Ligand SMILES: Nc1ncnc2c1ncn2[C@@H]1O[C@H](COP(=O)(O)OP(=O)(O)OP(=O)(O)O)[C@@H](O)[C@H]1O
Ligand SMILES: [Mg+2]
């Protein structure tokens with residue numbers, strides 16, 4: 001497997017049945033960066049994530065992860081790749097019958113032979129990271145939307161994936177909770193410098209805070225793919241309008257990053273996980 005897991009999208013066409021949502025999307029979402037995918041509601045951002053995760057197959061184009069075209073990978077190899085992806089779905093996608101602690105260790109408990117104590121310990125570790133350690137035994141319906149999102153993030157990162165995909169991590173959150181979510185993503189980027197982080201968002205404040213790279217989708221196409229400062233300088237009328245309607249971009253992008261180192265994964269868990277990931 002490659003050491004850098006860039007996501008390289010080339011001429012991607014995708015949709016549902018006969019309904020083409022994405023006509024032609026091209027762009028690079030590099031490893032070690034936070035890439036933000038931006039675009040109006042219904043333009044196909046979640047659809048694009050589905051292609052990367054392998055939940056749907058594109059109609060045309062290429063999708064390379066770590067230099068390998070995932071559409072041509074044998075199933076077993078794709079499964080291995082998929083294990084290295086953590087996903088925060090738009091609605092959190094927590095299982096209602098499980099507590100938070102049980103939900104967040106699902107990626108570990110499904111396939112690995114870890115003891116209950118080990119799973120509990122890993123659950124507490126990631127819940128602490130997202131500030132939910134006091135809610136470990138709550139059920140999802142006993143939590144606020146923002147708490148569910150944070151729990152979704154905890155589950156997405158519990159196995160320390162090479163690729164972290166987050167669908168609208170800040171939508172529906174108050175500005176303070178949203179800023180906290182941004183901080184968490186920045187701290188993931190700092191803690192795991194090779195991780196490929198992709199964030200779908202409408203949130204412009206969040207964009208200027210976290211993005212190293214931006215892709216804007218419009219009318220089924222990648223209208224822009226590049227650095228935030230180049231997006232800010234663009235004279236494309238749609239981009240000017242899209243960005244101008246909300247708060248303008250600050251001149252300096254200053255991340256309110258707090259040190260959130262936390263403790264690492266238990267050595268035995270890491271060993272068992274490592275063996276499973278390499279299988
Ligand atoms: N499972 C599905 N089956 C059929 N059509 C779908 C499905 N999911 C999404 N679509 C359609 O695909 C289009 C793009 O939807 P998608 O969810 O990708 O948009 P989005 O950019 O993520 O929007 P939002 O910002 O509101 O989340 C929409 O027209 C939607 O109706
Ligand atoms: Mg969506």
If only one of 112, 94 is buried (at least 20 other Cβ atoms within 10 Å of the Cβ), at pLDDT below 90 and either touching a helix residue (DSSP H, G or I) at 6+ places or on another chain (Cβ under 9 Å) or not in a strand (DSSP E or B) (or both), which one is it? 94
When the residues of segment 30-43 are filtered to those that are under 16 Å from residue 205 (Cα atoms) and more than 10 Å from ligand 2 (Cβ to nearest atom), which remaining residue is farthest from the chain's Cα centre (by Cα)? 40
Qualifying residues in segment 72-91 (those that are assigned to a helix (DSSP H, G or I) and under 17 Å from residue 274 (Cα atoms)) - the one nearest to ligand 1 (Cβ to nearest atom): 82
What are the residues in segment 44-62 that are on the phi > 0 side of the Ramachandran plot and within 13 Å of ligand 1 (Cβ to nearest atom), if any? 44
Which of the residues that make up segment 184-199 are at pLDDT 95 or above and either within 14 Å of ligand 1 (Cβ to nearest atom) or out of contact with any strand residue (DSSP E or B) (no Cβ under 8 Å at 6 or more places or on another chain) (or both)? 198, 199
Residues being closer than 20 Å to residue 189 by Cα and at pLDDT 50 or above: count how many of those fall in segment 230-271. 6
I'm trying to understand the selection: among the residues of segment 206-231, which are farther than 27 Å from residue 61 by Cα, away from ligand 2 (no atom under 16 Å from the Cβ) and in contact with a helix residue (DSSP H, G or I) (Cβ under 7 Å, 6 or more places away or on another chain)? 208, 209, 210
Suppose the filter is part of a strand (DSSP E or B), surrounded by 21 or more Cβ atoms within 10 Å (Cβ to Cβ) and more than 16 Å from ligand 2 (Cβ to nearest atom); does residue 27 pass it? yes
Can you tell me which condition residue 20 does not meet? The list is (1) over 25 Å from residue 191 (Cα atoms); (2) within 14 Å of ligand 2 (Cβ to nearest atom), and all the others hold. (2)
Being crowded, with 19+ Cβ neighbours inside 10 Å and either in contact with a helix residue (DSSP H, G or I) (Cβ under 7 Å, 6 or more places away or on another chain) or modelled with pLDDT of 90 or more (or both): is that true of residue 123 here? yes
Considering only residues of segment 165-182 that are under 15 Å from residue 154 (Cβ atoms) and assigned to a helix (DSSP H, G or I), which is farthest from ligand 1 (Cβ to nearest atom)? 180
Which pairs turn up if I take residues in segment 27-43 that are within 13 Å of residue 228 (Cα to Cα) and look for partners that are within 11 Å of ligand 2 (Cβ to nearest atom) with beta carbon separation below 6 Å, at least 6 apart in sequence or on another chain? 36/201; 37/45; 37/200
Please specify each residue of segment 134-155 satisfying the condition of being surrounded by fewer than 16 Cβ atoms within 10 Å (Cβ to Cβ) and either free of Cβ contacts under 8 Å to residues at least 24 places away in the same chain or closer than 23 Å to residue 185 by Cα (or both). 134, 142, 144, 145
In segment 163-181, is there at least one residue being more than 16 Å from ligand 2 (Cβ to nearest atom), in contact with a strand residue (DSSP E or B) (Cβ under 9 Å, 6 or more places away or on another chain) and farther than 18 Å from residue 37 by Cα? no
Name the residue that is nearest to ligand 2 (Cβ to nearest atom), counting only residues in segment 44-69 that are under 18 Å from the mean Cα position of the chain (by Cα) and in a loop (DSSP other than H, G, I, E, B). 44
Scanning segment 1-17 residue by residue, those within 16 Å of ligand 2 (Cβ to nearest atom) and crowded, with 16+ Cβ neighbours inside 10 Å turn out to be 14, 15
From 216, 199, residue being crowded, with 18+ Cβ neighbours inside 10 Å, assigned to a strand (DSSP E or B) and within 12 Å of the chain's Cα centre (by Cα): 199
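The values are calculated or read from the model by the stated rules, or taken from the named source; none is laboratory data. Given the structure is predicted, the values throughout are model-derived calculations rather than measurements. Ideal geometry is used to build each Cβ from the backbone, glycine not excepted, and the neighbour counts take in all protein chains shown.
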